[in-house]
Amino acid sequence: MIQRATRNGVRMSVVLGFANLMTLGIFAVYLRPDFTHAFTFVDMLAILNGVLFFWGQWFSVQSVREGDLVVHSSALGFKVLIVATLSASVGLEKAGVGLFGGAILAAAAVYLVTGATAERWKANRATLGLTLVACVFFAINDFMTGWKSQETGAARWLILMMLSAGALSVGMLIPKWKDLASAFSTVKTGWPVAGAGLALGVQALLVNIAFSKFAEPALSNIAYSTRGVMAVFFVWLVTSRNKSTLGWRQLVGAALMVAALAMVLV
């Protein structure tokens, strides 16, 4: 949806801003936060977490805009290594020798999905770099939600987080309100922008509920990061119609990423 919207001429800032506001709306409809007690330091952390979420989204959609979806989805799996390390450092989750084995396999997986050649690595370096930056912001965000959200109530934490990201999005959209209006002036541009916002909003709600409810952000990320394999499968479905399939390197790389993620908390 993001790639289709930008190829139809919609600015990336419009896609991101609308997606974050739609995410806030989805959170507000589903969650029932308790705001009866006084504002605390943990609430401030939730607001700061929203800033991290905003920048994670920004770098993520930038990497998707022109990049290879398989590379982006697989490289995002590095996030779990950061989350597992942070969780283990405070005793939230246990991470043993599997963390180191997982790191090695994850590095090999990213190398393979980017083509395993110097030329393909060079072609995908922008996508890989932006995705890894997004990993840092998202990983801290995921860890903080799993670690601190129970202290103030998961619903309250998540709403404050998205209010913060939403405020930044409004500030970004105000100078571009004409671009936002133009994006929804036709069905061709409007539906992929709305589709991207809905998809990002629903997935953000689901994963953040998992982080806050079960307080196992690394384990949740292991399941979430199998998106790399899903990306390989879906791209294969599309390209096979044109008699062009993904190479064995991408397929093996996707499988290695799943193996790496499974090892992290062994």
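Worth pointing out:
- If you go through segment 1-33 and keep only what is within 19 Å of A210 (Cα to Cα) and either in contact with a Phe, Trp or Tyr (Cβ under 6 Å, 6 or more places away or on another chain) or assigned to a loop (DSSP other than H, G, I, E, B) (or both), you end up with L31, R32, P33.
- Flag for G50 being within 23 Å of R4 (Cβ to Cβ), surrounded by 16 or more Cβ atoms within 10 Å (Cβ to Cβ), at pLDDT 75 or above and within 21 Å of the chain's Cα centre (by Cα): no
Residue by residue, here is whether (1) within 18 Å of the chain's Cα centre (by Cα); (2) farther than 17 Å from L219 by Cβ; (3) at pLDDT 90 or above holds:
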position: L132; (1), (2), (3): yes, yes, no
position: T145; (1), (2), (3): yes, no, yes
position: K148; (1), (2), (3): no, yes, yes
position: A155; (1), (2), (3): no, yes, yes
position: L158; (1), (2), (3): yes, yes, yes
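- Being under 11 Å from T131 (Cα atoms) and at pLDDT 85 or above holds for only one residue in F59, F27, F78, and it is F59.
- Breaking point among (1) loosely packed, with under 15 Cβ neighbours inside 10 Å; (2) closer than 21 Å to A155 by Cα, for G9: (2)
- Checked against (1) within 16 Å of A5 (Cα to Cα); (2) at pLDDT below 90; (3) within 23 Å of the chain's Cα centre (by Cα), Q203 meets all criteria but (1).
- Residues satisfying the stated conditions in segment 29-46, i.e. in contact (Cβ under 8 Å) with a residue 12 or more places away in the chain and surrounded by fewer than 16 Cβ atoms within 10 Å (Cβ to Cβ): Y30, R32, D34, F35, T40
- Some residue of segment 165-177 being at pLDDT below 90, of a type in the set (D, E, K, R) and in a helix (DSSP H, G or I): yes
Yes/no matrix, rows are residues, columns are (1) β-branched (V, I, T); (2) more than 24 Å from G153 (Cα to Cα):
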{"residue": "I2", "(1), (2)": "yes, yes"}
{"residue": "A19", "(1), (2)": "no, yes"}
{"residue": "T23", "(1), (2)": "yes, no"}
{"residue": "L45", "(1), (2)": "no, no"}
{"residue": "L48", "(1), (2)": "no, no"}
{"residue": "Q62", "(1), (2)": "no, yes"}
{"residue": "S89", "(1), (2)": "no, no"}
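- The listed residue being part of a helix (DSSP H, G or I), free of Cβ contacts under 8 Å to residues at least 40 places away in the same chain, touching a helix residue (DSSP H, G or I) at 6+ places or on another chain (Cβ under 6 Å) and within 19 Å of S60 (Cβ to Cβ), out of A196, A210: A210
- Checklist (1) touching a Ser or Thr at 6+ places or on another chain (Cβ under 7 Å); (2) farther than 28 Å from G9 by Cβ applied to A215, failing item: (1)
The values are calculated or read from the model by the stated rules, or taken from the named source; none is laboratory data. Just so you know, these numbers come straight off a predicted model, no measurement behind them. Backbone-built Cβ (ideal geometry, glycine too); neighbour counts: all protein chains shown.
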